[in-house]
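The values are calculated or read from the model by the stated rules, or taken from the named source; none is laboratory data. Treat the numbers as computed from the prediction; the structure is a model and nothing was measured. Glycine also receives a Cβ, built like all others from the backbone with ideal geometry; neighbour counts cover every protein chain displayed.
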Amino acid sequence: MPPLDAKRHPAARGDELELTIDAMGSGPDGVGHLGDYVVFVPGTLPGERVWTRITSATRKFARGELLEVLAEAPERRAPGCQHYLRCGGCQRRHQDYPAQLRDKQARLQRAVDHAAGPGVLAVQPTVPARPPHGQRHKVVVHLRNTRTNGLEPCFHRLRSPELEAITECPASDPLAWDLALETVRRLHDLPHGAWDPDFAPHGLLRSVLVRATTNGACHLVLVARQPEIPGLQELVPALQAAGATAIAVNHNPGEFSQLLGPHTERIAGPSRLPEQLGDTTYLISPTAFFQTSPQQALVLVESVLDWLRPSANDVVADLFCGGGLLTLPLARRAKLAFGVEWNALAVGDARAAAEHNGLRNATFHSGDVPTWLLRCGRDLPRPNLVALDPPRAGLDPAVVRELARLRPQRLAYVSCEPETLGRDLRLLLGAGYRLHSALSIDMFPETAHLEALACLERTG
Ligand SMILES: C[S@@+](CC[C@H](N)C(=O)[O-])C[C@H]1O[C@@H](n2cnc3c(N)ncnc32)[C@H](O)[C@@H]1O
């Protein structure tokens, strides 16, 4: 280790040093310390001794790259993907699957301890994905021009908007992956390059999105700078032969960071594909939100049903309902189920699926959750059971306030961000609720993303 000099950080760019990793960070990083100074090294694990080269250093922390593992953790394994840690899609492939699951359980435990206090509630073991590979039924590859006038499929690099050319993705559903790659090959046949704001501002093609259902149907969306892709009609039979059940073009003239534009035009096949999960058929538009692993989505649905246990007398609200993943099975068992969602496309899917399933007691409101809750118990029915699945930012305090006014008996809080979950649970515990149980469902194996369900009931 270099001598600690008062005028410089404990580590500087280019330094090579030995480090003991004592914790796991939130992404792919193991965390080591030089005194109080923190060093993050991607691809390392707690308990390991590593040789690292510092790649950046600030006053508070440094980042290093892994040169050699000097002493391995027992949970280390070969990543099984040649792009790992250059591609940003996975962060935990170097850690065996049981350890990934334990790590998610521990992170949820920290969130629960933060809210309820240490030792108050032990969270349940994480529900594994079986198998942990091939779970991503939505695949998005971005297009880049090659030096030989071809196109190559890319993912974003780890922590960067830059693109990394990709040839394999074991995390993706094989059908979706093969169709995405074959589509890129077919797009070579058209005289349109990929759009690149710096080097190819007149290029037309941006990304290829595939959403595969569990029965093997695939929705293919080509994202382009213009509403039309000249010559596409001639490619349709080949794309269908490659597995595209439905084909659409999304027109996106927007920023590089933005995947989709507002308009999607159907080219072939239906505009929504059916997905059967348990006793419900969902109808999915390829550009609307739907959970990426259908298998784990069903586990989530069953866990929410187990906790809320709706019966023929219950009125249920499903806040942030997307395409009705929870609302529809809740409606099948309840007197009435309302979904609230501000994405009009998702609400259209949910309404179409309610009709398809013959669920007349499922209704959907297109709007803002806090605003809608203000009306509950006034000109709209008062729910006695509530499912909530907010985005990463968690709940607006107004939602907690309204829940305290409406006093539903049980809440099923689904979260994809343990930090905001911990914050919101604390507020809900202060608003008259008790935490009954919590568990995570591994929706995103090989990554640090955590999907959790917290079950709360009204006290008193
Ligand atoms: C994590 S997704 C959950 C969707 C659904 N429960 C599922 O599992 O498929 C969160 C949803 O909340 C919606 N949303 C975010 N903020 C909202 C708000 N203030 N009012 C209504 N919907 C909102 C998003 O459009 C998104 O569909």
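Yes/no matrix, rows are residues, columns are (1) at pLDDT 95 or above; (2) assigned to a helix (DSSP H, G or I); (3) on the phi < 0 side of the Ramachandran plot:
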position: Pro98; (1), (2), (3): yes, yes, yes
position: Ala111; (1), (2), (3): yes, yes, yes
position: Gln124; (1), (2), (3): yes, no, yes
position: Pro132; (1), (2), (3): no, no, yes
position: Ser160; (1), (2), (3): no, no, yes
position: Pro170; (1), (2), (3): yes, no, yes
position: Leu179; (1), (2), (3): yes, yes, yes
position: Gly203; (1), (2), (3): no, no, yes
position: Arg211; (1), (2), (3): yes, no, yes
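The rows are residues; the columns are (1) surrounded by fewer than 23 Cβ atoms within 10 Å (Cβ to Cβ); (2) assigned to a strand (DSSP E or B); (3) modelled with pLDDT of 95 or more; (4) more than 25 Å from the chain's Cα centre (by Cα).
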{"residue": "Ala404", "(1), (2), (3), (4)": "yes, no, yes, yes"}
{"residue": "Tyr413", "(1), (2), (3), (4)": "no, yes, yes, no"}
{"residue": "Gly422", "(1), (2), (3), (4)": "yes, no, yes, no"}
{"residue": "Leu453", "(1), (2), (3), (4)": "no, yes, yes, no"}
{"residue": "Leu456", "(1), (2), (3), (4)": "no, yes, yes, no"}
{"residue": "Gly460", "(1), (2), (3), (4)": "yes, no, no, yes"}
When you scan the range 389-405, do you find a residue that is touching a Lys or Arg at 6+ places or on another chain (Cβ under 6 Å) and either within 16 Å of the ligand (Cβ to nearest atom) or among the hydroxyl-bearing types (Ser, Thr, Tyr) (or both), even just one?
no
In the range 39-52, what residues are in a strand (DSSP E or B) and crowded, with 17+ Cβ neighbours inside 10 Å?
Val39, Phe40, Val41, Pro42, Val50, Thr52
Anything in the range 117-168 that is in contact with a Lys or Arg (Cβ under 8 Å, 6 or more places away or on another chain) and among the basic types (Lys, Arg)? List them, or say none.
Lys138, Arg157
Candidate set from the range 350-377 (those that are closer than 18 Å to Leu298 by Cα and within 12 Å of the ligand (Cβ to nearest atom)); member that is nearest to the chain's Cα centre (by Cα)
Ala350
State yes or no: is Ala398 under 30 Å from Gly43 (Cα atoms), touching a residue at least 24 places away in the same chain (Cβ under 8 Å) and not in a loop (DSSP other than H, G, I, E, B)?
no
Could you run through the range 424-460 and say how many residues are of a type in the set (Lys, Arg) and in contact (Cβ under 8 Å) with a residue 40 or more places away in the chain?
2
Enumeration of residues in the range 327-349 that are closer than 15 Å to Pro383 by Cα and assigned to a loop (DSSP other than H, G, I, E, B)
Ala334, Lys335
